[in-house]
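> Below you'll find the structure I mean.
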Amino acid sequence: MQKITKNQLLDKAAELLDNGTVTAVLGWQKGEFDYDVTPALFENKEELFANFVWNDFCGANFSKYLIKHTRKVEGKILVFLKPCDTYSFNQLLTEHRFDREKVYAVGIPCEGMADIDKVKAIVGDGISSIDCGEKIKVTTIYADAAVEIDGKDVLEGRCESCKSKKHVAYDELLGEEGDVLDSNRFDEVARLEAMTPDERFAFWQNELSRCIRCNACRDVCPACTCEKCVFGNPKSGVENKSPANSFEEKMFHIIRAFHVAGRCTDCGECSRVCPQNIPLHLLNRKFIKDMNECYGEYQAGAEVGSRAPLVNYTTEDLEPGEVFDRRDTDA
Amino acid sequence: MQMNEHKPLIVAFCCNWCSYAGADLAGNNRLNYPAEVKIIRVPCSCRVNPMFILRAFQRGADGVIICGCHPGDCHYTSGNYYTRRRMAMLFSMLDYLGIEKERTRVEWVSAAEGAKFAATMNDFVATVTALGENKRLEDLRCKK
Amino acid sequence: MQRIGVFVCWCGSNIAGTVDVHAVAEALKLEPGVVFSTDYQYMCSQAGQNIIKEAIAEHKLTGIVVCSCSPRMHEATFRKTAAAAGLNPYMVEIANIREQCSWVHKDMPIGTEKAIILGKAAIAKVNLNAPLTPGESPVTKRALVIGGGIAGIQTALDIADAGFPVDIVEKKPTIGGKMAQLDKTFPTLDCAACILTPKMVDVAQHDKIRIFSYSEVTEVKGFVGNFDVKIKKHARYVKEDVCTGCGDCVSKCPMKKVPNEFNLGMDNRHAIYIPFAQAVPKVATIDPNACNMIKNGKCGLCAKVCTAGAIDYTQKDEFIEEKYGAIVVATGYNHISMDKFDEFAYNQSKDVITSLEFERLTNAAGPTAGKLLRPSDGVHPHTIVFVQCVGSRCDACAEKGKEYCSKICCMYTAKHAMLTRDKYPDTDVYVFYIDVRTPGKNFDEFYRRAVEEYGVHYIKGMVGKVVPEGNKLKVQASDLLSNKQLHIDADLVVLAAAIEPDKSARPLATMLTASMDTNDFFTEAHPKLRPVESPTAGVFLSGACQGPKDIPETVSQAGAAASKVIGLLAKDKLTGNPCIAHSDEMMCNGCSSCERVCPYGAITYVDKEFRMPDRTTAIRRVASVNPAVCQGCGACTVACPSGAMDLKGFATSQIIAEVDAICK
C-alpha cells in the first residue's frame, strides 16, 4: 500500500552512510512477528541491509528516539519521518530536546498504517507471516492460502482521520509533498461532548477501567520526554509508579493529558501502543479541540518556536465558566 | 432530610494578594460562611497545579474552588491569566470525563470584596451540598 | 523529623469566643512532629512572644505553628520572634483561625473543629519547611531617568542632589518637555519658562547629571539594582561638546521651510536648528530629512560659518551601554490625534486649533510673538469658542477618544479664557463643558474668577458641529441648562484634546517588563500605597506616564519617585524574597515552558554536563532562576511538565501536604 518502497529508503540510507553525511540510521526492524515492527538504530550498512523493514506496520514515530540517540551517536543520524512524525520532530525542537545539527531528516510519504487488530478481525488468530505489497498478504497457521487485504480496509484509527500529509520539517524529501488535510479528527470528541454527563461518565468508566498502568502510552509519547516523569519521582508529591488506588489511575491520565496539552501533536502513538485499546488520544484531542475553540487554532509542531496556548494568554480570554456555557449554547 | 444532609468538604485555594485578603476582610466584617470551606494560601492563583485539585478530590474533597485577583489586577501582572486558561481547560476535561462541572470553580475576588468572598463560598457550598458526595472521580475507574 | 511547637492564640475573646483554644492546643499535640503545644491570651504581645522564644530554647524547636490571626497581620512579627530565638524565620507557619475561622463561624464546636484542621494543615506544611535565606545582590549606584520633561527633570535633580549620579535620556534634541511649550501655568499664572528654565539650567550644570538628548533607550536587561541599559544616541551631525549654541549656522541655513515641531507646525524652522532659545543642551541639531548636505551632499554652509568647527556631516548613531540601579519612567503624554473628530473641522480649518497650539499662539516666544492672531489670516479673533472634553470621557464603546478624564483641560481652559479676556477685553469667550472639574488648591477660586470677574461664558453642553464658512466658524452647540440650541459665529475654536501616554511608552514597558493598563498608562505597584513604583522592582514612575497630571502633581510625584530611588540606591545590597522558584537540574528538560510564562524574565538556560543513569555523560539544557529577579508567583511551577520547577516556601510537596491534612 505504501507508495515509497523499502529499496528506495535503503538506497537513500546507503548513499548517506557512504558519503559520510550520517553515521547511523534510525529505522524500523522486525519484531517478534512481522506486524510488530520496532524502532532500531543501524550503525553500519550490514546491519541496515540485514534488518531494515518498511511496510504497513511501520507506525512508530522516531522523533522521541532522537533525544536518546543524538546524545550518544557521534556525527549525524539519518531519520525517516512520516508527515505526522515531523510535527513531533518540530515540537521537540521547540522544546530544545535535541540538536537539530545532529540529525539528517528524510521525509517520506505515508499512505496510512495498518491496524493489526483490524487484520486479525478479518483473518483470525495465528498469523504466521505478513507480506506487504500492493495488498497485505496474511498467512495463518490455520489456513493454507494467504488472505489478501486491502490496506485501506484496515487503516489505523489515527490514519483514518489523518490531519496532514505535509511534512513540516525535513532536510530532504522522498516522493511528493502532500497537503494539510481537512480531517474529521474531532468528530469523536464532539460525539462525546454531545452526550449527557452520565453517558460520558459511563463511557470513560468503561474505557479507563481497563488500564493496567503499563506506562506504554507515556513511554511512547513524543511529548512525554521528561528526564524523570513526575509519576516516577518521589519528590513530586504525586509519585505512583503503580497505582495505589483506583483514583491514581485517572489522575495519571488526566495529568498526563494536561502535561502534554499544547505540546501534543496528536500523533496518536498513545492509542496505538495501548495494549488495552483505550482511546487515549480522545483525551488529548479534547484539549486540542478546546484550545482551538477558545484560544484560536493551534497545531503543536507546525512550526518551531511557536508558543502553545497554555503558556500564553490574552486579557480577553474566556472565563472557565464560560467555556461550559460556550458548549451549552452551541448544543 | 436535613438531619442526614451530607456535609461537603471544600478546599479553597486563595492567592495571597487579593483573595486571601478578601477572605480576611470577610472575617473582619464577620460575614459568615460554612466551616466546610478550608483555605489554602498560595502566592498566586497560577501556583495552583491541577495535581493539587485532583489530589484534593482523591482525598475526599467534594468541591475545589480557586480564587485569584481579578484579571488585570494580578500582583504578578499575568499569573491569573494563566490560571484562567489552565483551569478552563482542566475543568472542561473533568466535565468531559463526566465529573459534575459544579464541583470546580474559579472566582476572582479582590482584597476589597469580603462580601463577595462570603457570598461565593455560601453559594459554592450550597451547590456542592446539593450534588452530594463526590463519588464519580473515585468511581471512574471501577467497572460498573 | 522536625520538632514543632504549636502556639494557639486566644486573641482575647476574638478567637477564644468561638474556638475552644485549649482543645485546639491539646488536639494538635498529637500531630506528627509536634513536641510542644500551648495556648495564650495574646501571642503577639511581648509576653506571648517570650513564650515562643522560651519554648524554642527549651524544646529545641525546629519549626513553629502559630494558630492566630491572618498571616497578613502577624506573620512578620512571629518570624522576627523566631529569628530572635535563633530559628530560621521561614520555619514559621501561621494557621489563620481568626479571620478565616472564629470570626466567620458562630458555633463553638464547629469553629474548634475547623481550627484544629487548619492547625493540622499548617503543621503538615512546617514538617516540610526548610530554612530559607534571602539572596543578596549588589546595587549599582546610578539612576536612569527616561524622559526629560518636568517630571524627569525634577526626579533627576532630587536624586542628584542626594549625591547619586543620574542620566537623563530624552528623545528630543532638548529637555523641557511639554512644559517648555506652555505660556502661563494655572492657577498662579506664573510663566512656565520662568519656573522651568532655571531647573533646566540646574540639570545642565549639575555635576551628577548627564543628559543624553536626541537619544532613546533600546535595550534593558537585568533587574533591580543591576540594570544593563543600551542607549541609542541619534546622530545630530553636530559635535555636542564643541557647539557653543551661538546660532550662526541656523541663520545661514538656506533650508528654511521645515515645519517647526516646537510650535506644532504653526511656523517653520531651518534644517539646522535649536528648538528654542533656552534649550538644554543648547546645541544645534541637523534634521537629516531636511538637510541638503546630508541628503545629497550639496550645501555645507553651516560647516563654513561654524567658527567652532562643530559640524560633522559624517556623524553616526552612537550606542552607549551603562549600568543602573534604578530606572525612572517619565515619558509623559501627548494630545490625541484630532483626525477622528471631523465634527470639529480640525483638519478643514486652520482656525480650529488644539489647546497646546493655543499655548504657542499666546506665548511670547511663539509663532506670533505672543499676539493672539488667527493662524489662517493673522487677524485678531473676536469670538473664541473653547470646547472641553474632546476625546476625554468618551463612551467605552465609542471608536474614538478615551474613557478617562484628562484632568488638566478644565483648568488650562479656564486659564486660556481668563488670559484672553484679560489681554483682549473686546473678545467674547465661550467655554462648552460637560462638567467643570476643579479639585485642587486654589483651582475652584481660579475658575470662578474666570466666570465672575472676567465674564467668560461657561455653557454646559457639547458642541455638535463646527462648519467653516467664509472667514467664520459656524459653531452649533446645545445649552443643556436652558435647553436651547446655540449657533455661534466664531473666529477661533480651541479644542481641549484628550491626552494619552507617549507612543514610546508601550515598547519601553515591554523592555522593562513593567505593566501597563489598557490605555497604555504605566501601572503602579499599588494604586494607593505604592503610587510611584511599578510592579517591576527597580522601575519607578514619574509624571503623566502613570496617568493624567498637572504640573504640581507631576512635581510632587517626581519627588516621591526620586525619594524611592534614593532609598534604593542608598543600600549597598538588596535582600530578596527567599520564597522564589528554583529548578531541579536533574529533572529539568530545558523545554522553555517556564521561561514563557515568567512575567519577569527571571529564567534563563544553561548547557550543563550531566552524568546519565547509564554512566555516560550528556550535555543538557537546564533552566536557571535568577533569584534577584524572581518574585515567587509560581506560574513556572505549573507550566513545568517534569515537576523540576518548584517554589520555595510554597513547594508542591508542602501544598499537597496541606491538601492531605485538610482532606484527612
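> For the stretch B:39-132, please list each of the helices (runs of 4 or more DSSP H) lying entirely inside it that holds at least 3 residues being at pLDDT 90 or above, of a type outside the set (Lys, Arg) and closer than 21 Å to A:Lys286 by Cβ.
On the way: elements: B:50-58, B:79-96, B:114-131.
Because the criterion is at least 3 residues that are at pLDDT 90 or above, of a type outside the set (Lys, Arg) and closer than 21 Å to A:Lys286 by Cβ, the helices (runs of 4 or more DSSP H) in the stretch B:39-132 that meet it are B:50-58, B:79-96.
> Can you tell me which of C:Lys295, C:Lys257, C:Lys252 is among the charged types (D, E, K, R), in contact with a Cys (Cβ under 8 Å, 6 or more places away or on another chain) and modelled with pLDDT under 95? If you could, list the steps in order and put the result at the bottom.
Details: C:Lys295 fails: in contact with a Cys (Cβ under 8 Å, 6 or more places away or on another chain); C:Lys257 fails: in contact with a Cys (Cβ under 8 Å, 6 or more places away or on another chain).
Going through C:Lys295, C:Lys257, C:Lys252 in turn, the sole match is C:Lys252.
> Continuing with this model, one more query. With respect to A:Val273, determine if the residue is more than 26 Å from C:Ser592 (Cβ to Cβ), of a type in the set (A, V, I, L, M) and touching a residue at least 24 places away in the same chain (Cβ under 8 Å). Reasoning before the result, please.
Numbers: more than 26 Å from C:Ser592 (Cβ to Cβ): yes; of a type in the set (A, V, I, L, M): yes; touching a residue at least 24 places away in the same chain (Cβ under 8 Å): yes.
Here the answer is yes, as A:Val273 does meet what is asked.
> Could you check, for the stretch C:649-662, whether at least one of its residues is within 7 Å of chain B (Cβ to nearest Cβ), touching a helix residue (DSSP H, G or I) at 6+ places or on another chain (Cβ under 8 Å) and of a type in the set (Gly, Ala, Ser)? Let's see the steps before the verdict.
Taking the stretch C:649-662 as the starting set, the residues that turn out to be within 7 Å of chain B (Cβ to nearest Cβ) are C:650, C:652, C:655-656, C:658-660, C:662.
Checking the rest, the ones that are also touching a helix residue (DSSP H, G or I) at 6+ places or on another chain (Cβ under 8 Å) come to C:650, C:652, C:655-656, C:658-660, C:662.
Then keep just the ones that are of a type in the set (Gly, Ala, Ser); that gives none.
The answer is no, given that none of the residues of the stretch C:649-662 is within 7 Å of chain B (Cβ to nearest Cβ), touching a helix residue (DSSP H, G or I) at 6+ places or on another chain (Cβ under 8 Å) and of a type in the set (Gly, Ala, Ser).
> Next up: Scan the stretch C:308-342 for residues that are aromatic (Phe, Trp, Tyr), over 30 Å from C:Cys389 (Cα atoms) and in a loop (DSSP other than H, G, I, E, B) and report the count. Quick ask: steps written out before the conclusion?
In the first step, residues of the stretch C:308-342 are kept if they are aromatic (Phe, Trp, Tyr); the result is C:313, C:319, C:324, C:333, C:341.
Still in the running and over 30 Å from C:Cys389 (Cα atoms): C:313, C:319, C:324.
Still in the list and also in a loop (DSSP other than H, G, I, E, B): C:313.
So the answer is 1.
> Which helices (runs of 4 or more DSSP H) sit wholly inside the stretch A:96-205 and have at least 3 residues that are more than 15 Å from A:Asp85 (Cβ to Cβ) and hydrophobic (A, V, I, L, M, F, W, C)?
Working: elements: A:116-123, A:157-160, A:187-194.
Result: A:116-123, A:187-194.
> For B:Leu137, indicate whether it is in a helix (DSSP H, G or I), buried (at least 21 other Cβ atoms within 10 Å of the Cβ) and at pLDDT below 90.
Taking the combined requirement at face value, the residue satisfies it.
> Taking the stretch B:49-77, which residues are under 22 Å from A:Phe252 (Cβ atoms), facing chain C (nearest Cβ under 7 Å) and without any contact (Cβ under 8 Å) to a residue 60 or more places away in the chain?
If the condition is that a residue be under 22 Å from A:Phe252 (Cβ atoms), facing chain C (nearest Cβ under 7 Å) and without any contact (Cβ under 8 Å) to a residue 60 or more places away in the chain, then B:Asn49, B:Phe52, B:Arg55, B:Ala56, B:Arg59 are the ones that fit.
> For the stretch C:125-136, enumerate the residues that are in contact with a Lys or Arg (Cβ under 7 Å, 6 or more places away or on another chain) and not hydrophobic (A, V, I, L, M, F, W, C). If you could, list the steps in order and put the result at the bottom.
So in the stretch C:125-136, the residues in contact with a Lys or Arg (Cβ under 7 Å, 6 or more places away or on another chain) come out as C:132, C:136.
Of everything in the stretch C:125-136, just one residue is in contact with a Lys or Arg (Cβ under 7 Å, 6 or more places away or on another chain) and not hydrophobic (A, V, I, L, M, F, W, C), namely C:Glu136.
> Residues that are in the same structural domain as C:Phe432 (by TED's automatic domain parsing) and closer than 24 Å to C:Asp377 by Cβ: find the strands (runs of 3 or more DSSP E) completely inside the stretch C:474-528 holding 3 or more of those. Please lay out each step first, then the result.
Details: elements: C:484-490, C:492-497, C:499-501.
Ranges flagged: C:484-490, C:492-497.
> Identify all residues within the stretch B:78-111 that are more than 11 Å from chain A (Cβ to nearest Cβ) and out of contact with any Leu (no Cβ under 7 Å at 6 or more places or on another chain); write none if there are none.
Quick first cut of the stretch B:78-111, residues more than 11 Å from chain A (Cβ to nearest Cβ) only: B:103, B:109-111.
Those that are more than 11 Å from chain A (Cβ to nearest Cβ) and out of contact with any Leu (no Cβ under 7 Å at 6 or more places or on another chain): B:Val109, B:Ser110.
> Being part of a loop (DSSP other than H, G, I, E, B), surrounded by fewer than 24 Cβ atoms within 10 Å (Cβ to Cβ), small (Gly, Ala, Ser) and out of contact with any helix residue (DSSP H, G or I) (no Cβ under 7 Å at 6 or more places or on another chain) is true for just one of C:Ala204, C:Ala130. Which residue is that?
Numbers: C:Ala204 fails: part of a loop (DSSP other than H, G, I, E, B).
Being part of a loop (DSSP other than H, G, I, E, B), surrounded by fewer than 24 Cβ atoms within 10 Å (Cβ to Cβ), small (Gly, Ala, Ser) and out of contact with any helix residue (DSSP H, G or I) (no Cβ under 7 Å at 6 or more places or on another chain) holds for just one of C:Ala204, C:Ala130, which is C:Ala130.
> What are the pairs, 6+ residues apart or on separate chains, where a residue within the stretch C:80-101 that is at the interface with another protein chain (Cβ under 10 Å from one of its Cβ atoms) has its Cβ under 8 Å from a residue that is among the acidic types (Asp, Glu)?
What qualifies is C:Ile94/C:Glu75; C:Asn96/B:Asp24; C:Glu99/B:Asp24; C:Gln100/B:Asp24.
> Would you mention how many residues in the stretch C:601-631 are in a loop (DSSP other than H, G, I, E, B) and either surrounded by fewer than 22 Cβ atoms within 10 Å (Cβ to Cβ) or more than 14 Å from chain B (Cβ to nearest Cβ) (or both)? It would help to see each step written out before you state the result.
At the first step, the residues of the stretch C:601-631 found to be in a loop (DSSP other than H, G, I, E, B) are C:601-602, C:612-616, C:626-631.
Now narrow it down to the ones that are either surrounded by fewer than 22 Cβ atoms within 10 Å (Cβ to Cβ) or more than 14 Å from chain B (Cβ to nearest Cβ) (or both): C:601, C:612-616, C:626-628.
Residues meeting the conditions: 9.
> May I ask you to verify whether A:Glu193 is crowded, with 17+ Cβ neighbours inside 10 Å, of a type in the set (Asp, Glu) and within 14 Å of another protein chain (Cβ to nearest Cβ)?
On the way: crowded, with 17+ Cβ neighbours inside 10 Å: yes; of a type in the set (Asp, Glu): yes; within 14 Å of another protein chain (Cβ to nearest Cβ): yes.
Judged against the criteria, A:Glu193 is a match.
> Okay, moving on. Every residue in the stretch A:17-32 that is outside any strand (DSSP E or B), within 26 Å of the chain's Cα centre (by Cα) and either farther than 22 Å from A:Phe57 by Cβ or in contact (Cβ under 8 Å) with a residue 60 or more places away in the chain (or both), please. It would help to see each step written out before you state the result.
Step one: list which residues in the stretch A:17-32 are outside any strand (DSSP E or B), which gives A:17-23, A:30-32.
Filter once more, keeping what is within 26 Å of the chain's Cα centre (by Cα): A:22-23, A:30-32.
Across the stretch A:17-32, the qualifying residues are A:Val22, A:Thr23.
> Moving on. Identify all residues within the stretch B:1-43 that are within 7 Å of chain C (Cβ to nearest Cβ), in contact (Cβ under 8 Å) with a residue 60 or more places away in the chain and under 27 Å from C:Cys630 (Cβ atoms); write none if there are none.
Across the stretch B:1-43, the qualifying residues are B:Ala21, B:Ala23, B:Asp24.
> Among the listed residues C:Val19, C:Val35, C:Val6, which satisfies the condition of being of a type in the set (A, V, I, L, M), under 46 Å from the mean Cα position of the chain (by Cα) and in a strand (DSSP E or B)?
Details: C:Val19 fails: in a strand (DSSP E or B); C:Val35 fails: under 46 Å from the mean Cα position of the chain (by Cα).
Step by step, each of C:Val19, C:Val35, C:Val6 is checked, and only C:Val6 is of a type in the set (A, V, I, L, M), under 46 Å from the mean Cα position of the chain (by Cα) and in a strand (DSSP E or B).
> Among the listed residues C:Ile195, C:Ile231, C:Ile211, which satisfies the condition of being in contact with a strand residue (DSSP E or B) (Cβ under 9 Å, 6 or more places away or on another chain) and not in a strand (DSSP E or B)?
Values: C:Ile231 fails: not in a strand (DSSP E or B); C:Ile211 fails: not in a strand (DSSP E or B).
Within the list C:Ile195, C:Ile231, C:Ile211, the selection yields C:Ile195.
> Of all residues in the stretch C:529-547, which are in contact with a Ser or Thr (Cβ under 9 Å, 6 or more places away or on another chain) and either free of Cβ contacts under 8 Å to residues at least 24 places away in the same chain or in a loop (DSSP other than H, G, I, E, B) (or both)? Reasoning before the result, please.
To start, the set of residues in the stretch C:529-547 that are in contact with a Ser or Thr (Cβ under 9 Å, 6 or more places away or on another chain) comprises C:532, C:534-536, C:539-546.
C:Val532, C:Ser534, C:Pro535, C:Thr536, C:Ser542, C:Gln546 - these are the residues of the stretch C:529-547 that are in contact with a Ser or Thr (Cβ under 9 Å, 6 or more places away or on another chain) and either free of Cβ contacts under 8 Å to residues at least 24 places away in the same chain or in a loop (DSSP other than H, G, I, E, B) (or both).
> Tell me which residues, restricted to the stretch C:448-482, are under 21 Å from C:Met411 (Cβ atoms) and charged (D, E, K, R). Before the answer, list the steps.
Kept after step one, since they are under 21 Å from C:Met411 (Cβ atoms), are these residues of the stretch C:448-482: C:448-463.
Listed by number, the residues that qualify are C:Arg448, C:Arg449, C:Glu452, C:Glu453, C:Lys460.
> Could you figure out which of (1) in a helix (DSSP H, G or I); (2) over 29 Å from B:Lys7 (Cβ atoms) isn't true of C:Ala121?
Checking C:Ala121 against (1) in a helix (DSSP H, G or I); (2) over 29 Å from B:Lys7 (Cβ atoms), the one that fails is (2).
> Restricting to the stretch C:161-192, and then to whatever is assigned to a helix (DSSP H, G or I) and in contact with a Lys or Arg (Cβ under 7 Å, 6 or more places away or on another chain), can you tell me which residue is surrounded by the most Cβ atoms within 10 Å (Cβ to Cβ)? Outline the logic, then answer.
So in the stretch C:161-192, the residues assigned to a helix (DSSP H, G or I) come out as C:161, C:178-181, C:192.
From the residues that got through so far, the ones that are in contact with a Lys or Arg (Cβ under 7 Å, 6 or more places away or on another chain) too are C:181, C:192.
Working: C:Gln181: 22, C:Ala192: 20.
Among them, the one singled out is C:Gln181.
> Restrict the check to the stretch A:161-177 and report whether at least one residue is among the β-branched types (Val, Ile, Thr) and in contact with a Ser or Thr (Cβ under 7 Å, 6 or more places away or on another chain). It would help to see each step written out before you state the result.
Quick first cut of the stretch A:161-177, residues among the β-branched types (Val, Ile, Thr) only: A:168.
Now restrict to residues that are in contact with a Ser or Thr (Cβ under 7 Å, 6 or more places away or on another chain): A:168.
Scanning the stretch A:161-177, I find at least one residue that is among the β-branched types (Val, Ile, Thr) and in contact with a Ser or Thr (Cβ under 7 Å, 6 or more places away or on another chain), so the answer is yes.
> Still on this structure: Within the stretch A:209-229, does at least one residue satisfy the condition of being buried (at least 19 other Cβ atoms within 10 Å of the Cβ), part of a helix (DSSP H, G or I) and at the interface with another protein chain (Cβ under 10 Å from one of its Cβ atoms)?
no
> Same structure again: So, restricting to helices (runs of 4 or more DSSP H) that lie completely within the stretch A:245-318, which ones have at least 3 residues that are within 22 Å of B:Arg55 (Cα to Cα)?
On the way: elements: A:246-260, A:269-273, A:281-295.
So the answer is A:246-260, A:281-295.
> Say whether the condition of being buried (at least 22 other Cβ atoms within 10 Å of the Cβ) and assigned to a strand (DSSP E or B) is met by at least one residue in the stretch C:291-307.
So far as the stretch C:291-307 goes, no, none of its residues is buried (at least 22 other Cβ atoms within 10 Å of the Cβ) and assigned to a strand (DSSP E or B).
The values are calculated or read from the model by the stated rules, or taken from the named source; none is laboratory data. None of these values were measured; they are calculated from a predicted model. Methodologically, a virtual Cβ is constructed for each residue, glycine included, from the backbone with ideal geometry; neighbour enumeration extends over all protein chains shown.
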